[in-house]
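In what follows, a structure is listed as structure tokens, so that the remarks can point back to it.
The values are calculated or read from the model by the stated rules, or taken from the named source; none is laboratory data. Here the structure is a predicted model, which is why all the values come from computation and not from measurement. Here the Cβ is made from the backbone with ideal geometry for all residues, glycine too, and neighbour counts use every protein chain on show. Ligands, DNA and RNA are stripped out before the accessible areas are found, and what is left, the full protein with its side chains, is counted by its heavy atoms. Shrake-Rupley method; radii C 1.70, N 1.55, O 1.52, S 1.80 Å.
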Amino acid sequence: MAASIVLRLDSVWRSRADKMSNLFFRNPRYFALVIALIISAGVSSILTIGRQEDPTITNLFATIITPYPGATPARVEALVTEKIEEELRELEVIKVISSVSRTGVSVISVELSEFIDDTTIEQTWSEIRDALADAEINFPQGVGKSDFDNDRTGAYTTLSAITSADGVNVSPGILKRYAEQLQNRLRAVSGTELVRLFGDQDEEVLVAVDPDRLVSLGLTVNDVAAAISAADTKVEAGRVRGDHADYLIEVGGEIEDLDRVRAVPILTAATGQITRIGDIASVSRSVRTPESSMAITDGVAAVVVAAKMQPDLQVDVWAAAAERVLLEFERDLPGGITHDLLFNQARYTVDRLTGLGINLLIGVGLVIAVMLVTLGWRAALVVAAVLPLTALLSVSILQRLEIPIHQMSVTGLIVALGLLVDAAIVMTDEIRRRIVAGMARAKAVSASVKRLAAPLLASTVTTVLAFMPMAILPGPAGDFVGSIAISVIVMLLSSLLLALTITPAMAGFILPDHAEGSDEWWRLGVMAAPIQDVFKRSLDWALANRGLSVAVALTLPIMGFVAFPTLTAQFFPGVDRDQFYVQIRLPEGA
């Protein structure tokens, strides 16, 4: 029964493939139309498909940092960390929760399950934020606002530094203001996902109280802080409700400058004399110390503006728009402040993809050269035409699958190049052999497709199944290397489709007749009789000594497995880039 079903499926597959091949060979207009559709769709996809350096990694990690100034690790653990963990454990999508409670701070790391659906990951982050908000309700007084950071993957597209010019001392606060201006401009660039500042120093107003004056007046530091807080009127003072309108009442005089702080009254004597903040304290504006973050460029303090584009966009197009914004920003900068573009990912991406593209062209050139020598220029022309058609069709499919062009997907295309040419070569050689033998072109095309349809399908399916585990690999590892397998699978399926439809028709149109044959090698290829004779004898020997031939064939694979432990294991290959990353861990309490 099973054999009957297999034979029936094989018969149906051969019949369908034969009809498609004859359709395009007997109807040149259909053939030209399909070629035009493939070319137009492929060129359109090449112009619009996303281009980036590395694949987009789905972020499964987040960090929650909650400050509790002055609390011991035990109090932080009991009053902050445990309350957050209780809320997070109710979410099933969280795989790992790890925490560290130190003096004055709680740090919780969250890892989501690698099997989470990409379409729901943002909803999951939202649920974690809601759980964090629920935990904050039960925090004791004095616990600060939790910092939730889930931007843990991906590289920034551009890095810019804003520094003081040589010989000029610019306040860090002023550098931060110009950095914020550039941050707002880059956010307005179409396709920008995130813009962050590094090394920006927060400004603060420092009120240094004279303790002797404070004691003589019978006041405390808390009295001074309460007076300043009450004088900063940022909330409504009341509301007037009418039948037709509501009006808010606000008190003027909010704190906007240092003189306003100095003028805040803190004590009124019985004689009517008023004591103000400026009478008992010095008021100054400065940056907060110690610094929460620092950025140094060429030994000078700087503020770094890091911008990241949205995934699956064309990095060169986005970077060009960002560079125009940076040039306009540089023209508007005052003297004494400079801007430098430290890093532009587009340059690395273009160089990387250009190198991979050159390798792809070299591979195509070698294939065509071998075909020219072995089968003649017409057969080489068929394969040379089919290869770019397969690439264009594959790029169109990759775009529909939302897989951009990056080093992994292009690597997959290069890997598939050595596999996909087999179908085109086998089909072209089979049709060529039948035509040279005197068979009519239409019959040669039909007979070749019927004979090779099942073997080509079987070889393609087995190769696809070999790459399938990599394609369905979950988690960040699958995001990174999975595109290699998907590119190979798409390329192989595209090659199979064209090998059974377009390639036979093209071979039927282009290959020479038997009457056109001659002894010239560039027409039908080099007829190396000695090599053919050696190859024939090796096949006869292998069939006559099957056991020994299998043992000989297994020699190289066994040697490879034996030598495998001697190889250096690493996930990423080394790259030539003028960057390195240094992570410093300070001791506890530093």
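By how many nm would the segment from D134 to L419 grow when fully extended, if each residue of separation counts as 0.36 nm and the alpha-carbon distance is taken off? List each step's numbers first, then the result.
Numbers: separation 285, 0.36 × 285 = 102.60 nm, distance 5.57 nm.
The span from D134 to L419 would gain 97.0 nm if fully extended.
Given a Förster distance of 25 Å, report the FRET efficiency between K443 and L23 from their Cβ-Cβ distance, rounded to the nearest 0.05.
Working from the Cβ atoms, E equals 0.95.
Once both labels are modelled 7 Å past Cα along the beta-carbon direction, what's the D117-Y247 spacing in nm?
5.5 nm
When all C-alpha to C-alpha distances in segment 64-146 are sorted into bins of 5 Å, what percent of pairs does each bin hold, rounded to whole numbers?
The percentages, shortest bin first, are 3, 15, 27, 23, 15, 9, 5, 2, 0.
Pop out the ³J(HN,Hα) list for segment 195-207 in order, Karplus 6.51 cos²θ - 1.76 cosθ + 1.60 with θ = phi - 60°, rounded to Hz; leave Gly and Pro as x.
My calculation for segment 195-207 gives 9, 10, 10, 10, x, 7, 9, 6, 8, 8, 9, 9, 10 Hz in order.
If you find the alpha carbon centre of segment 164-230 and of segment 98-124, how far apart are they in angstrom?
Segment 164-230 and segment 98-124 have Cα centres separated by 31 Å.
Suppose we take every Cα in segment 167-238 and form the convex hull; what volume per residue is that in Å³?
192 Å³
Could you run the Karplus curve 6.51 cos²θ - 1.76 cosθ + 1.60 with θ = phi - 60° over segment 49-60 and give me ³J(HN,Hα) per residue in whole Hz, x for Gly and Pro?
Going residue by residue, I get 5, x, 10, 8, 6, 10, x, 7, 8, 5, 7, 10 Hz, with x marking Gly and Pro.
How large is the Rg to Rh ratio of segment 338-400 when both quantities use alpha carbon positions and Rh follows Kirkwood?
1.24
Tell me, how many Å apart are the Cα centres for segment 415-489 and for segment 336-362?
34 Å
Taking every alpha carbon pair in segment 257-393, what does the distance histogram look like in 10 angstrom bins from 0, in percent?
So the P(r) values, bin by bin, are 8, 18, 16, 15, 13, 11, 7, 4, 4, 3, 1, 0.
Longest span of the chain, sites excluded, free of GluC sites (Glu not before Pro) in DSSP loop with at most 16 other C-beta atoms within 10 Å?
By the stated rule (loop sites, at most 16 other Cβ atoms within 10 Å), 115-235.
When the accessible area of the chain is split by element with a 1.4 Å probe, what percent falls to carbon and sulfur?
Whole-percent figure for carbon plus sulfur exposure: 60.
Can you list the DSSP H helices in the chain whose Cα atoms extend at least 20 Å along the helix axis and whose mean Kyte-Doolittle hydropathy is 0.5 or higher?
Span-like helices in the chain: 28-48, 345-375, 377-400, 407-436, 441-471, 475-500.
If I stretch the segment between A301 and V215 completely, what's the gain in nm (0.36 nm per residue apart, minus their alpha carbon distance), one decimal?
Taking 0.36 nm per residue and subtracting the Cα distance, the gain is 26.9 nm.
By a straight-distance test (C-alpha under 14 Å), which aspartates and glutamates pair with K83 as possible cross-link partners, with residues fewer than eight away in the same chain excluded?
D130, D134, E136
Suppose we take every Cα in the chain and form the convex hull; what volume per residue is that in Å³?
Roughly 314 Å³ of hull volume per residue.
Heavy-atom accessible area per residue, the chain, 1.4 Å probe: how many Å²?
It amounts to 58 Å² per residue over the chain.
Percent relative contact order of segment 78-148, based on C-alpha pairs within less than 8 angstrom and at least six residues apart?
On the way: 58 pairs, mean separation 25.8, N = 71.
That works out to 36 percent.
Could you estimate the translational diffusion coefficient of segment 74-209 from the Stokes-Einstein equation, with Rh from the Kirkwood formula over C-alpha pairs, at 10 °C and 1.306 mPa s, in whole µm²/s?
Diffusion coefficient, whole number: 86 µm²/s.
Quick check: pseudo-label points 7 Å beyond the Cα along Cα→Cβ at L366 and E402, how many nm apart are they?
For L366 paired with E402, the spin-label model returns 3.6 nm.
In this model, which of K95/K176; K95/K145; K145/K176 are farther than 32 Å apart at the alpha-carbon?
The pairs that break the limit, which is 32 Å between Cα atoms, are K95/K176.
Sorted by accessible area (1.4 Å probe), largest first, how do R187, R129 line up?
Ranking R187, R129 by accessible area, largest first, yields R187, R129.
Using r as the Cβ-Cβ distance of A225 and T568, and R0 as 56 Å, what FRET efficiency do you calculate, to the nearest 0.05? Working shown, then result.
Details: r = 61 Å, r/R0 = 1.09.
After rounding, the FRET efficiency stands at 0.40.
Pulled fully out, how much extra length does the chain show between W125 and R276, if you take 0.36 nm times their separation in residues and subtract their Cα-Cα distance?
That pair, W125 and R276, stretches by 49.5 nm at full extension.
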